[in-house]
Amino acid sequence: MTASVLRGGTQTTVQAVPRTGLRHLGIPASGPADGLSMALANRLVGNAAVAPALEITLYGPRLRVDADVCIAVTGAPAAVRLNGEPVPMHASLGLRPGDVLDIGAMATGARCYLAVEGGVSGASEFGSTSTYLPASFGGLEGRALREGDRIDFTAPGTATSGARTPPDRRPAIPAKPALRCCDGPDAGLLDGTERDRLYGGRWRVSQRADRMGLELAGERLAVGSTGRMSSAPVFPGSLQCPESGSPYLLCVDAQTTGGYPQLLQVARCDRHLIGQLRPGGALRFLSRTAEQAALELREKLDFFRDWVPDIDDAL
C-alpha cells in the first residue's frame, strides 16, 4: 500500500515515538512537535498514540493513494479536501484507490497530523522512525516529502471510517497561546523587573523558527550574566537567553546541551503547544510552581485518557 506525493507541502515529515535515553550521545528526542494532536489522529484509525504518522507544517501535501485505506487529520485547522470536496478533520475517512487527498494552509497554529490505518513506514534509526532533519536520518531518507516521492503504509489494522473525536476532546489551537511554565535553573539571574517582563510581556515568534527552536521577538531581557556559561543539559521547552537579550524557546529537535542562561521550562502539560507556534504568532508565559505543573499534567492526562488510553506515551 502506497501513496504518491503530488505536492510535498512546506515541510511534511514522518514522526513517531520520540527517542529516549540517547541525549548523552547528543541525539535529541525528535518525534511529533504536537504529540497530543498526533495521538488524536492515530486514535481515529486504530493506531497506538505514537504510531508513525505525517507531521504537516503550515501548508500541506497532496497525496494519491493506490489502495483502500482509512485516514484521519487532526491538529491545526486546515482546509482538507478529498477529490476536490471538503472533508472534516477529527474524523476517520475511507479512501479508495485513486483518491486524492489535499491538505491546504493552516488557519491558526502551525502543524496538523495525518494518520493512516496501520501506520506510515519509514527508516528506523536509534529505535524510532521519527525524522531528525538536522542529521538527515529517520523517516523518508531523513528529509521532508517532495513531489514524486512514494510513501509506504504498513498492513492495515481494524479501523473503519466514521469515527469522530468527541467535541470536548478536540483541543483548541489558539492564535495567542499562554504556556504554563516553571522557573528554569538560571531564573535567579533576572531581577524583579526583568522577571515581570518575562512572565508579563506578550512575546512574538520571529521568522527564525523551526523544529529546533523559535526566537522570540518583543522586549529584550537584561540577564545578569555575560551569556557565556558552562554548557548544561537542555530539553524541549527550555527558554534560553543569549547575550542579545532575545530568548530562544527550544522545540523537539533542539540540541542536548547549551551554554546560555535557562530562564524557564515550559511545563509538560503545555509542551505540545510549542509545536503550534508559528512565525509572527503571539504567546505569553504563565508562572507555575513544580507542584502546580505536576497537578495540571495529571489533570490533562486524566481528561484525555478515556478517549486515548495510551496518552501518557504522547505527552
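Bear in mind that the values in this text are calculations on the coordinates, not laboratory data. As the structure is a computational prediction, the values presented were derived from the model and not from experiment. For neighbour counting, all protein chains shown are included, and Cβ atoms are generated from backbone atoms with ideal geometry for every residue, glycine included.
For Thr10, Thr193, what's the fewest-to-most ordering of other Cβ within 10 Å of each Cβ?
Thr193, Thr10
Please work out the C-alpha center-to-center distance from the stretch 47-123 to the stretch 215-265 and express it in whole Å.
Each part's Cα centre sits 35 Å from the other's.
Rounded, prolate or oblate: which one fits the chain, using the alpha carbon gyration tensor with axes a ≥ b ≥ c (rounded when a/c is under 1.5, else prolate when a/b beats b/c, else oblate)?
Prolate is the answer for the chain, as a/c is 1.5 or above and a/b outweighs b/c.
Which residue fluctuates most in the GNM of the chain (Cα springs below 10 Å): Gly224, Gly35, Gly119?
Of Gly224, Gly35, Gly119, the most mobile in the Gaussian network model is Gly224.
Which value in deg cm²/dmol, rounded to the nearest 500, describes the helix-derived mean residue ellipticity at 222 nm for the chain, given -39,500 (n - 2.57) per DSSP H run of n ≥ 4 and division by the residue count?
Taken over the chain, the calculation gives -3500 deg cm²/dmol.
Which one of Ala115, Tyr59, Leu264 is farthest out on the positive end of the charge dipole of the chain, using unit charges on Cβ (Lys, Arg +1; Asp, Glu -1) and the Cα centre as origin?
Selected residue: Tyr59.
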